[in-house]
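Q: Below you'll find the structure I mean.
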Amino acid sequence: MWYLNPPSHTARSSFMTCISRIRNKQLQERLKLSEEEVVAAADSYAAAAQQTMLHSLDDSDFNLSLVSKDEMIEVYERRMAKKEAAGRAIYDDLISAPAHGRCPLCGQRIVSTLDHHLPKTLYPALAVDPLNLVPACADCNKLKMNKAPSASAEETLHPYFDNVENDPWLHAEVIEIAPAAVRFYVSPPPQWNDTLLRRVRLHFKTFNLAALYASQAAQELNNIKYILSQILSKNGPDQVREHLCDQAISRRVANINSWQTATYAALSSSTWFCEGGFEE
């Protein structure tokens, strides 16, 4: 769940660029006449997103008077997402925005598509609005599905409008089994309001992050087993703990809410693990 700087492309410039090469003059004229409707819809969307009020938007207000839903979907699919389309440069700018090419919704998998935060099938006026197009991995795009929120607490985090990177909320605990495992959970700082807490937990559940991070952590535990065994045999459990603490600090500096940070913090806090639980 990474914050992204909002795109520099506007809804107006994106829409007009996408329709600039349409050869069907009648269709292009209807689309051009819809420019102000598209801009007004984008403004309403942005204002609602800033206030966590997307659920208050009436999807009927996002149908254009001169252009059908299917025609707007086609603007996205053929005039933006398609290679060599008029709007493809905007598509490429949006999809390449996340650091290291990582999906901002899960923070782990590689970005491969753009997700419509509000579905284009329900809100066609937002089909090519850059603020409604979030770079995502294929898995997160599928898991989110074409659903619209009915309350603030039902809104998953929006990378352009929600920034929870500075507050520690992702935590983990060691499961004392053989082989050792790590369980991830959301534990918010005290200053969070109830709506934000519920939204983060919803996001965590919607994108199945507990299972994703547990799988990554299991591989990490296997990778570090040898070095931990060496430290334990030569220097004892206190040095194992110190090593794990150092690893947690290093990862926390990079990202306080990464699964790696949560994993190493949990490992360093587990006496069972530091005394050799990783060897079972």
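The values are calculated or read from the model by the stated rules, or taken from the named source; none is laboratory data. Small disclaimer: the values here were computed from a predicted structure and weren't measured. All Cβ positions, glycine included, derive from the backbone under ideal geometry; neighbour counts span all protein chains shown.
Q: Can you tell which of TYR76, TYR91 is more than 29 Å from SER150 (Cβ to Cβ) and of a type in the set (Phe, Trp, Tyr)?
A: None of the other options fit; the residue is TYR91.
Q: Pairs, please: C-beta under 8 Å, at least 6 apart or cross-chain, first residue modelled with pLDDT under 95 and in region 84-99, second part of a loop (DSSP other than H, G, I, E, B)?
A: ALA99/TRP2
Q: With crowded, with 17+ Cβ neighbours inside 10 Å, without any contact (Cβ under 8 Å) to a residue 40 or more places away in the chain and not hydroxyl-bearing (Ser, Thr, Tyr) as the only criterion, which of GLN260, GLN239, GLN247 stands out?
A: Criteria check complete, one pass: GLN247.
Q: Give all pairs with beta carbons closer than 9 Å in which a residue from region 63-78 that is under 13 Å from PHE15 (Cα atoms) and outside the structural domain of LYS120 (by TED's automatic domain parsing) meets a residue that is of a type in the set (A, V, I, L, M) and part of a loop (DSSP other than H, G, I, E, B); count only pairs at least 6 apart in sequence or on separate chains.
A: Filtered contacts from region 63-78: no entries.
Q: Give me the pairs: first residue in region 5-30 and over 14 Å from ALA85 (Cβ atoms), second residue of a type in the set (Val, Ile, Thr) and outside any helix (DSSP H, G or I), beta-carbon distance under 7 Å, and six or more apart or on different chains, which are they?
A: Partner pairs satisfying both residue conditions: GLN28/ILE19; GLN28/ILE22; ARG30/VAL67.
Q: Next question, about the same structure. If a residue must be of a type outside the set (A, V, I, L, M, F, W, C) and not in a loop (DSSP other than H, G, I, E, B), how many such residues does region 59-85 contain?
A: Total meeting the criteria: 11.
Q: So if I check each of ALA214, ALA178, which one is hydrophobic (A, V, I, L, M, F, W, C) and either on the phi > 0 side of the Ramachandran plot or part of a helix (DSSP H, G or I) (or both)?
A: ALA214
Q: Okay, next question. As an exercise: evaluate ILE90 against (1) surrounded by fewer than 21 Cβ atoms within 10 Å (Cβ to Cβ); (2) farther than 11 Å from ALA125 by Cβ; (3) among the β-branched types (Val, Ile, Thr) and give the number of the one condition it does not meet.
A: (1)
Q: With respect to SER269, determine if the residue is under 30 Å from the mean Cα position of the chain (by Cα), in the same structural domain as ALA178 (by TED's automatic domain parsing), of a type outside the set (D, E, K, R) and within 28 Å of PRO104 (Cβ to Cβ).
A: It is false that SER269 is under 30 Å from the mean Cα position of the chain (by Cα), in the same structural domain as ALA178 (by TED's automatic domain parsing), of a type outside the set (D, E, K, R) and within 28 Å of PRO104 (Cβ to Cβ).
Q: Evaluate the following for GLU165: is it assigned to a loop (DSSP other than H, G, I, E, B), surrounded by fewer than 16 Cβ atoms within 10 Å (Cβ to Cβ) and of a type outside the set (Lys, Arg)?
A: It is true that GLU165 is assigned to a loop (DSSP other than H, G, I, E, B), surrounded by fewer than 16 Cβ atoms within 10 Å (Cβ to Cβ) and of a type outside the set (Lys, Arg).
Q: Examine region 110-129 for a residue that is crowded, with 16+ Cβ neighbours inside 10 Å, in the same structural domain as ASN63 (by TED's automatic domain parsing) and small (Gly, Ala, Ser), and state whether such a residue exists.
A: Yes - at least one qualifying residue is present in region 110-129.
Q: Filter region 173-224 for residues that are in contact with a Leu (Cβ under 9 Å, 6 or more places away or on another chain) and hydroxyl-bearing (Ser, Thr, Tyr); which is surrounded by the most Cβ atoms within 10 Å (Cβ to Cβ)?
A: TYR213
Q: Of all residues in region 119-156, count the ones that are in a loop (DSSP other than H, G, I, E, B), of a type outside the set (Asp, Glu), touching a residue at least 40 places away in the same chain (Cβ under 8 Å) and in contact with a Pro (Cβ under 9 Å, 6 or more places away or on another chain).
A: Qualifying residue count for the region: 2.
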